[in-house]
Amino acid sequence: MLKKSSWVLWGAALFIAWNCLLLLFLGSRPPSSSSSSSSSLTAEVIRLAQDAETELERQKELLHQIHLYSGALWGRRRTRGARITPKPSSSSSSPPPPPVDAVVLPVLVLACDRSTVRRCLDKIFLYRPSAQRFPVIVSQDCGHAETARVIASYGDAVVHIHQPDLGDIPVPAEHRKFQGYYKIARHYRWALGQIFGVFRYRAVIVVEDDLEIAPDFFEYFQAAFPLLLADRSLWCVSAWNDNGKEQMVDVSQAELLYRTDFFPGLGWLLLAELWDELEPKWPRAFWDDWMRQPEQRRDRSCIRPEISRTMTFGRKGVSHGQFFDQYLKFIKLNDRFVPFTQLDLSYLKKEEYERSFLPKVYAAPEVKVEELQGNRRRELGTVRLQYSGRDSFKAFAKALGLMDDLKSGVPRAGYRGIVSFVYRGRRVYLAPPADWTGYDPSWS
């Protein structure tokens, strides 16, 4: 607290010193009897006054940034004592998770040159249940003035930080058109470094400036956080279902959650420990596909919902609308509040999940893709469509409207190769044979 006060006193002293110098300069001017020198002196006084006003605004902004930064840092140091000085444990078991109503989960909004970040922030503030438990930090790249003004209009409600390196990045000649992806990776590395290395938070929810959140977005992450702490076979919680188009989800099961081996992103929660692991080897570009490689995933999974808790409205971007018109704009955003913190989510722990989910999948009767498309054998209810290789997976996915791309062999929203979705009103599992032994990274 003493350090915070010294910064404020330093800023005040700097302002007083500036004004003293201004008065000294004016007092040292020799008197002049001519009208021209009087006019010149007047002009000089006006110019100096304008300069002083500009400097005053700069000092006010500096003091404002110091206040926001030191306040957030001091608040986190008070609430993060458990991480800095952990209590010794008398057993080898994991410590009990903190009460869900005591968790501090900051929201990091990554922004660039979209002034429509207002749509993202407005929904965050509309649905946020607590400013203390869910502080908002906006990290801006690009130096876009209009976007900066929009963010600044929220005042003390957000901590606005600026990625300092705005220059182009040297890239291979064949990657010149991908300069944007290099800058995004650089921004992610810097912003997450601030969250965990400077602000010292325990975990963070990451969103981008073109995402709109659902009413139970915060409830979902608050409930899933203890699960992420307890189950080390998990490495993230995501708000996104890659196959979450309205006709492909069961809107009556808004509470349904899954494990997935595919890193979804698009609104996700990670722990400080994961950043400690990833930061030293963070890639120069294409960070999300890098996350999906076996070397990073290390057989870990994420939690994802049946119905997405985010939707994207950002068609314009570095991907030039790739997938947006075909898939992304049709993603169903959940509109019903689910009290996740009152539900038992232990079924998502690895051992329990595989004891229940896998038998359910392979007990479902197998059908052919033509029978699904023709809406036949309706009496079967839940069914299974089995694929045998990369080509058959992609053919079935295209035929049924799923996203058919694979990343390091992992299908989007898949768990142990199984993709769960709704087709013409019934549950379908697109699954490999029951003796599945693992992903083939060559399926990409």
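The values are calculated or read from the model by the stated rules, or taken from the named source; none is laboratory data. Computed from a predicted model, the values in this text were never measured in an experiment. Note that we place each Cβ from the backbone using ideal geometry, even for glycine, and neighbour counts take in every protein chain shown. Note: accessible area is taken over every heavy atom of the protein model, side chains too, but ligands, DNA and RNA are not part of it. Shrake-Rupley method; radii C 1.70, N 1.55, O 1.52, S 1.80 Å.
The single residue among Ile184, Ile205 that is within 20 Å of Pro129 (Cβ to Cβ) and out of contact with any Ser or Thr (no Cβ under 8 Å at 6 or more places or on another chain) turns out to be Ile205. Of all the listed residues (Asp440, Asp404, Asp435), the sole one being within 24 Å of Ile303 (Cβ to Cβ) and assigned to a loop (DSSP other than H, G, I, E, B) is Asp404.
For beta carbons closer than 7 Å, sequence separation of 6+ or different chains, a first residue in segment 350-363 that is under 24 Å from Trp235 (Cα atoms) and a second that is among the acidic types (Asp, Glu) and not in a helix (DSSP H, G or I), the qualifying pairs are Lys350/Asp231.
Under the condition of being among the aromatic types (Phe, Trp, Tyr) and outside any helix (DSSP H, G or I), which residue from segment 183-201 is surrounded by the fewest Cβ atoms within 10 Å (Cβ to Cβ)? Steps first, answer last, please.
Going through segment 183-201, the residues among the aromatic types (Phe, Trp, Tyr) turn out to be 188, 190, 196, 199, 201.
Applying the additional criterion that residues be outside any helix (DSSP H, G or I) yields 199, 201.
Working: Phe199: 21, Tyr201: 24.
Once the filter is applied, the top-ranked residue is Phe199.
Among the candidates Ala397, Ala413, single out the residue that is at positive phi, surrounded by 18 or more Cβ atoms within 10 Å (Cβ to Cβ) and of a type in the set (A, V, I, L, M, F, W, C). The unique qualifying residue is Ala413. Among the criteria (1) buried (at least 23 other Cβ atoms within 10 Å of the Cβ); (2) more than 29 Å from Arg118 (Cβ to Cβ), the one Gln296 does not fulfil is (1).
Phe421 fulfils the conditions (1) over 12 Å from Asn243 (Cβ atoms); (2) crowded, with 20+ Cβ neighbours inside 10 Å except for a single criterion, (1). Considering each residue of segment 259-279 in turn, none proves to be open to solvent by 30 Å² or more (accessible area, probe 1.4 Å) and in contact with a Pro (Cβ under 7 Å, 6 or more places away or on another chain). Does Trp240 meet the test of being closer than 24 Å to Arg118 by Cα, aromatic (Phe, Trp, Tyr) and open to solvent by less than 50 Å² (accessible area, probe 1.4 Å)? In short, yes. A single member of Val158, Val204 is surrounded by 16 or more Cβ atoms within 10 Å (Cβ to Cβ) and free of Cβ contacts under 8 Å to residues at least 60 places away in the same chain, and it is Val158. On the basis of being open to solvent by 10 Å² or more (accessible area, probe 1.4 Å), on the phi < 0 side of the Ramachandran plot and either of a type in the set (Asp, Glu) or not assigned by the TED database to the domain that holds Pro283 (or both), does Asp216 make the cut? The answer is no for Asp216.
In a residue-by-residue description of segment 273-287, the property of being under 20 Å from Ile213 (Cβ atoms), in contact with a Leu (Cβ under 8 Å, 6 or more places away or on another chain) and touching a residue at least 60 places away in the same chain (Cβ under 8 Å) applies to no position.
From the set of residues in segment 358-389 that are assigned to a helix (DSSP H, G or I) and open to solvent by less than 30 Å² (accessible area, probe 1.4 Å), which is farthest from Trp443 (Cα to Cα)? Looking at residues that are assigned to a helix (DSSP H, G or I) and open to solvent by less than 30 Å² (accessible area, probe 1.4 Å), I get Leu372. Please work out if Ser392 is assigned to a helix (DSSP H, G or I), of a type in the set (S, T, N, Q) and not assigned by the TED database to the domain that holds Asn241. Spelling it out, Ser392 is indeed assigned to a helix (DSSP H, G or I), of a type in the set (S, T, N, Q) and not assigned by the TED database to the domain that holds Asn241. When Val369 is tested against the conditions (1) more than 31 Å from the chain's Cα centre (by Cα); (2) within 28 Å of Phe286 (Cα to Cα); (3) not small (Gly, Ala, Ser), the lone failure is (2).
Among the candidates Phe324, Phe337, which residue alone is over 25 Å from Thr382 (Cα atoms) and either assigned by the TED database to the domain that holds Glu212 or not in a loop (DSSP other than H, G, I, E, B) (or both)? Write out each step before concluding.
Values: Phe337 fails: either assigned by the TED database to the domain that holds Glu212 or not in a loop (DSSP other than H, G, I, E, B) (or both).
Going through Phe324, Phe337 in turn, just one is over 25 Å from Thr382 (Cα atoms) and either assigned by the TED database to the domain that holds Glu212 or not in a loop (DSSP other than H, G, I, E, B) (or both): Phe324.
Please tell me if Asp141 is open to solvent by less than 50 Å² (accessible area, probe 1.4 Å), charged (D, E, K, R) and touching a helix residue (DSSP H, G or I) at 6+ places or on another chain (Cβ under 9 Å). Considered against the rule, which asks whether it is open to solvent by less than 50 Å² (accessible area, probe 1.4 Å), charged (D, E, K, R) and touching a helix residue (DSSP H, G or I) at 6+ places or on another chain (Cβ under 9 Å), Asp141 comes out as yes.
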